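Accompanying notes for the structure given below.
The values are calculated or read from the model by the stated rules, or taken from the named source; none is laboratory data. Remember, predicted model here, so these are calculated numbers, not experimental data. All Cβ positions, even for glycine, are placed from backbone atoms using ideal geometry, and neighbour counts span all protein chains on display. Surface areas here come from the heavy atoms of the whole protein model, side chains and all, with no ligands, DNA or RNA. Shrake-Rupley method; radii C 1.70, N 1.55, O 1.52, S 1.80 Å.
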Amino acid sequence: MSEFLFVVVPYVCLTTFVVGHLWRYRYDKFGWTTRSSQLYENRLLRIGSPLFHFGMLGVVGGHIIGLLVPESWTNAVGISERTYHVVAVVGGLISGVMTVVGMAILIYRRRTTGPVFSATTVMDKVMYAFLAAAITLGMWNTIAGSILTIGGEYNYRQGVSVWFRSFLAFQPNADLMANAPLGFQLHALVAFGLFAIWPFTRLVHVFSAPVGYVTRPYIVYRSRDDTRLGSHRPRRGWDRVG
Amino acid sequence: MRVMAQMAMVMNLDKCIGCHTCSVTCKQAWTNRSGTEYIWFNNVETRPGLGYPRTYEDQEKWQGGWELNSRGRMKLKAGGRFKNLMTIFSNPKLPSINEYYEPWTYDYATLTDAPAQAHTPVARPKSLISGNNMKIEWSANWDDDLGGSTATAHRDPMLKKIADKVKFEFEQTFMFYLPRICEHCLNPSCAASCPSGAIYKREEDGIVLVDQDKCRGWRKCVSGCPYKKVYFNHRTGKAEKCTFCFPRIEVGLPTVCAETCVGRLRYIGLILYDADKVLEAASQEDEQGLYEAQRDVFLDPSDPEVIREAERAGIARDWVDAAQRSPIYALINTYKVALPLHPEYRTMPMVWYIPPLSPVVDVVAETGEDAEDTGNLFAAIDALRIPVEYLAELFTAGDVAPVDAVLKKLGAMRCYMRDINMGRDPDGAIPAAVGMTEEEMYDMYRLLAIAKYDERYVIPPAHAEQAHSLEELSTECSVSDYGGGQQDVFGEGSGTPTPIAVENFQMLQARQTSDSLTGPENKGRRVNLLNWDGKGSPPGVFPPKGPDS
Ligand code: HEM
Ligand code: SF4
Ligand code: SF4
């Protein structure tokens, strides 16, 4: 069973994640957008969206550090288990609370603002269900596991994180996950579910985060692209010569 | 010198009757889809008035365009690159839909479906945003013809600048129309604000376009453009803007707004400019110097050195020829009667305007004096400070001297031509008073008043060897190339694009260049039943009968 849940399911989800993005990018560049709803409503979005996104950036950063950096590395540079724990919990709490509050505002806004609600697709709803579940479970793990220590202390850096790296290295070790507390197991499963639907939702916008803007010249010039005047390519055999 | 070509437009405001034909035809051609209801690539504003979207010219509020930083360097008014990215999650300067207007339709079905009842059923307005019944309170030209302007006009940002002198009393009003499209700026701040680099300026003709496949809906261009000419399609989640009708321009046809303009007041042509000088000119410290600075960027297409450099830059010979015949160059640089709209935004706009003399003429005519007398007109131009200062706020960052000069030229043209039309001897002193020769004045009259089709539009087509793949000709397009239709799995309009051909090129050209209303005589086989009066057989349907019938 644990083989299925923590090896087969994650790999299937990872595959849809990767292949799904490639496919969507090829097939539907036009649909690849944030679908901003700011035009409809600004008062709530102005608070909710930055809260959620800045919180989310913290959460993503925290996950990258927590999951990808082995404990032995932080030990080697002299960061004690205790310090790491405090920093992680405080950082996690701050960004977690921002994310949760921000998300609550966004969902409330989606549901109650007429125009925003009518512009909400089925995929949006599914996405929010998974996103909310993953975030809530994650918060629960931080609060219940690390602060209140309900059900005993669990050092995820020796369990979940090691499993995740083994998973990425294609040598999955399902036992590590099977021995983790239920909260962590559920969080991981829901997160993989989210990854599986990711390419088919508006979340694709995350992969076009405009980092290039910082360095590119302000004004972009582009040639008319003589292989493609107008909005379509010339048919085969009609290519321009010379 | 780095020569680049720019397709540009000039509008002669004296001739605009505010009929909105341009807006309507443009909308029919480009923005009649859902999600674009409120999008007017072309709109016509009554000035004084709030404009569309409301008070868009108040850059202290909307922070569009560029400004100079403390070191005199160009910087986006809304903030630098980092600030731009930090405010991406919620754009603090995005106008809400209420600043435009809530688009609506009417519940027409009740007119036919309603059960028998004592009162006539009414079609109620329904919001196209929320779907609910709504009260119509504003629209794209709500203050048309100064309608309701006693309540709103004091909010006109341009009027505010000269406000202490203006008492908005009805007897003192002046009014004119300002049709606006995207300026296709030389230094577009929309493009500079776009985080994904989806907005680009075409190297060949300077048209500024949004790549719909690269736009990610960050909606930063909307606030970045000081003219508010990028709009957000709230259905597709992508930015859309005026395309200068590039599929038509590519085959040598004028834009839809120009083609259908009732006043025939739009001019389209090429301008050659020195791309190396744009930034420096736009960074000119004195805002009132920006008009001259921009004029200096334009190159004289008859200068042999410019021609040589243009050739080196790969600009084809027929394009240089077109630039020499360009009405735009003539109006901006030879006659110097066209002025840029809001040069102080530092985007180097490329749709210029000939300011209207009519507010002045109207006043003179009302006093009973002769409105075609140079003395009277010149005196009125000097005396009527409010209209002139208002025009200066629009076109020269408040500097009245260039506006005065243009108005006097237009006034002089009126008076000079009247003598000719009345069969009197032309008075050479009139053109001389505004620094022109008689011949120049007559040429300017031809261009402005006679305004022949092929003098108004000098548009070199893209090259013949590419013609088969041009949008407008579409000789090779078959529906199957585009997936045979839309599959909107991910929401409105997702999937591969459909082509945007507008009208049949040959047919249009034949119609434009023929002298008759029906169609070219020599093209007997073209049938146009619209012009058939019902008597006899419609022309062209049957082969011509023998001479005896
Ligand atoms: C760092 C890169 C990111 C950028 C630049 C970005 C930007 C945006 C923007 C501009 C919107 C549209 C807001 C609006 O006007 O309606 C948006 C919406 C959204 N983003 Fe992001 N985002 C990023 C990362 C993320 C991440 C990591 C997540 C979560 C996994 C996320 C989840 C969402 C959601 C759920 C919405 C929809 C909000 C709503 O309208 O209900 N974003 N994002
Ligand atoms: S007027 Fe047109 S080109 Fe200029 S900034 Fe606005 S959208 Fe861009
Ligand atoms: S069609 Fe011409 S005359 Fe009519 S509003 Fe437009 S610009 Fe003015």
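What percent of all Cα-Cα pairs in the protein assembly as shown falls in each 20 Å bin, counting up from 0?
13, 40, 31, 13, 3, 0
Just reorder B:11, B:86 by solvent-accessible area, largest first, 1.4 Å probe, all chains present.
From most exposed to least exposed: B:86, B:11.
Which value in nm describes the separation of the simple spin-label points at residue B:365 and residue B:325, placed 7 Å from the Cα toward the beta carbon?
So the label points at residue B:365 and residue B:325 sit 3.5 nm apart.
Just the number, please: Stokes-Einstein D of region B:3-134 in µm²/s, Kirkwood Rh from C-alpha pairs, 25 °C, 0.890 mPa s.
128 µm²/s
Got a number for the accessible area of residue A:95? Probe 1.4 Å, square angstrom, nearest 10.
10 Å²
How are the Cα pair distances of region B:222-336 distributed, in percent, across 10 Å bins from 0?
Whole-percent P(r) values from 0 Å outward: 11, 29, 39, 19, 2, 0.
Averaged per residue, what accessible surface does chain A expose to a 1.4 Å probe, in Å²? Spell out each step's value before the answer.
Working: 12770 Å² over 242 residues.
Ligands and nucleic acids excluded, the figure is 53 Å² per residue.
What is the Cα radius of gyration of region B:223-280 over 2.2 N^0.38 Å, N being its residue count?
Relative to the 2.2 N^0.38 Å estimate, region B:223-280 comes out at 1.48.
Among the listed pairs B:160/B:220; B:77/B:126; B:229/B:277, which have their C-alpha atoms separated by more than 32 angstrom in this model?
Checking Cα-Cα distances, B:77/B:126 exceed 32 Å.
At 222 nm, what helix-only mean residue ellipticity would chain A give, in deg cm²/dmol to the nearest 500, using -39500 (n - 2.57) for each DSSP H run of four or more?
Value at 222 nm, helices only: -18500 deg cm²/dmol.
Could you give the nm distance between label points at residue A:123 and residue B:213, where each point is 7 Å from its Cα heading toward the beta carbon?
1.8 nm
Kindly sort A:121, A:215, B:255 by accessible area of their heavy atoms, largest first, with the probe set to 1.4 Å.
Reading off the accessible areas and sorting them downward yields A:215, A:121, B:255.
For chain A, would you read off the P(r) tail past 22 Å as a percentage of all alpha carbon pairs?
For chain A, the fraction of Cα-Cα distances above 22 Å is 64 percent.
With +1 on each Lys and Arg Cβ and -1 on each Asp and Glu Cβ, how big is the dipole of region A:1-83 about its Cα centre, in debye rounded to the nearest 20? List each step's numbers first, then the result.
Working: 7 positive and 5 negative charges, 99 e Å.
For region A:1-83, the charge dipole is close to 480 debye.
How big is the equivalent ellipsoid of region B:106-148 along its three axes, where each semi-axis is √(5λ) from the Cα gyration tensor, reported in whole Å from largest to smallest?
27, 14, 8
Give the span of region B:56-142's Cα atoms along each principal axis, as three whole-Å numbers ordered largest to smallest.
Here the spans come out as 74, 26, 13 Å, largest first.
With only Lys, Arg, Asp and Glu charged, each at its Cβ (+1 for the first two, -1 for the last two), find how big the charge dipole of the protein assembly as shown is about the Cα centre; round to the nearest 20 debye.
Its charge dipole is roughly 3160 debye.
Where both partners of a DSSP beta bridge lie in the protein assembly as shown, what percent of those bridges are antiparallel, to the nearest 5?
Here the antiparallel bridges make up roughly 80 percent for the protein assembly as shown.
For region B:84-243, which semi-axes, largest first and in whole Å, follow from the square roots of 5 times the eigenvalues of its Cα gyration tensor?
One finds semi-axes of 34, 27, 15 Å for region B:84-243.
Residue B:432 versus residue B:160, label points 7 Å from Cα toward the beta carbon: distance in nm?
Here the answer is 4.8 nm between the modelled labels.
What is the ratio of the Cα radius of gyration of region B:301-424 to 2.2 N^0.38 Å, with N the residue count, to two decimals?
Taking N as the residue count of region B:301-424, the ratio is 1.32.
Build a GNM of chain A with springs between Cα atoms under 10 Å: which of A:196, A:169, A:144 gets the top mean-square fluctuation?
Ranking A:196, A:169, A:144 by mean-square fluctuation puts A:169 first.
With a 1.4 Å probe and all protein chains left in place, how much of the accessible area of region B:294-396 comes from carbon and sulfur atoms, in whole percent?
On the way: 1630 of 3540 Å².
That fraction is 46 percent.
Seen from all sides and averaged, what is the projected area of the convex hull of the Cα atoms in region A:1-51, in nm²?
Seen from a random direction, the Cα hull of region A:1-51 projects 6.0 nm² on average.
Of A:87, A:131, A:119, which is farthest towards the positive pole of region A:63-132's charge dipole, taken about the Cα centre with +1 and -1 on the beta-carbons of Lys, Arg and Asp, Glu respectively?
Highest projection toward the positive end goes to A:119.
Which of A:120, A:83, A:142 moves the most in a Gaussian network model of chain A with Cα springs under 10 Å?
A:83
Using only C-alpha positions, report the orientation-averaged shadow area of the convex hull of region A:1-135, nm², one decimal.
It is 11.1 nm².
How far is helix A:9-27 tilted off the main Cα axis of chain A, in degrees rounded to 10, range 0 to 90?
20 degrees
Check which residues have an amide H placed less than 5 Å from residue B:398's amide H, if you skip close sequence neighbours.
Those lying under 5 Å, H to H, from residue B:398 are B:393.
For the pair residue B:280 and residue B:98, what calculated FRET efficiency results from E = 1/(1 + (r/R0)^6), where r is the Cβ-Cβ distance and R0 = 41 Å, to the nearest 0.05? Each step should come with its number before you reach the end.
Working: r = 40 Å, r/R0 = 0.97.
Computed FRET efficiency for residue B:98 and residue B:280 comes out at 0.55.
May I ask you to derive the FRET efficiency for residue B:317 and residue B:124 from their Cβ-Cβ distance with R0 = 41 Å, giving the value to the nearest 0.05? Display every interim value, and only then the final one.
On the way: r = 61 Å, r/R0 = 1.48.
About 0.10, to the nearest 0.05.
Once fully extended, how much extra length lies between residue B:439 and residue B:107, figured as 0.36 nm per residue of separation less the alpha-carbon to alpha-carbon distance?
Value of the extension gain: 113.6 nm.
Residue farthest toward the positive end of the dipole of the protein assembly as shown, with Cβ of Lys/Arg at +1 and Asp/Glu at -1: which of B:114, B:221, B:257?
So the residue we want is B:114.
Tell me the angle of helix A:122-140 to the major Cα principal axis of chain A, expressed in degrees between 0 and 90 and rounded to the nearest ten.
30 degrees
For the pair residue A:132 and residue A:76, what calculated FRET efficiency results from E = 1/(1 + (r/R0)^6), where r is the Cβ-Cβ distance and R0 = 56 Å, to the nearest 0.05?
For R0 = 56 Å, the calculated efficiency reads 0.90.
Given region B:42-107 reduced to its alpha-carbon atoms as identical point scatterers, what log10 I(q)/I(0) does the Debye formula return at q = 0.27, 0.29 Å⁻¹?
Log10 of I(q)/I(0), two decimals: -1.20, -1.26.
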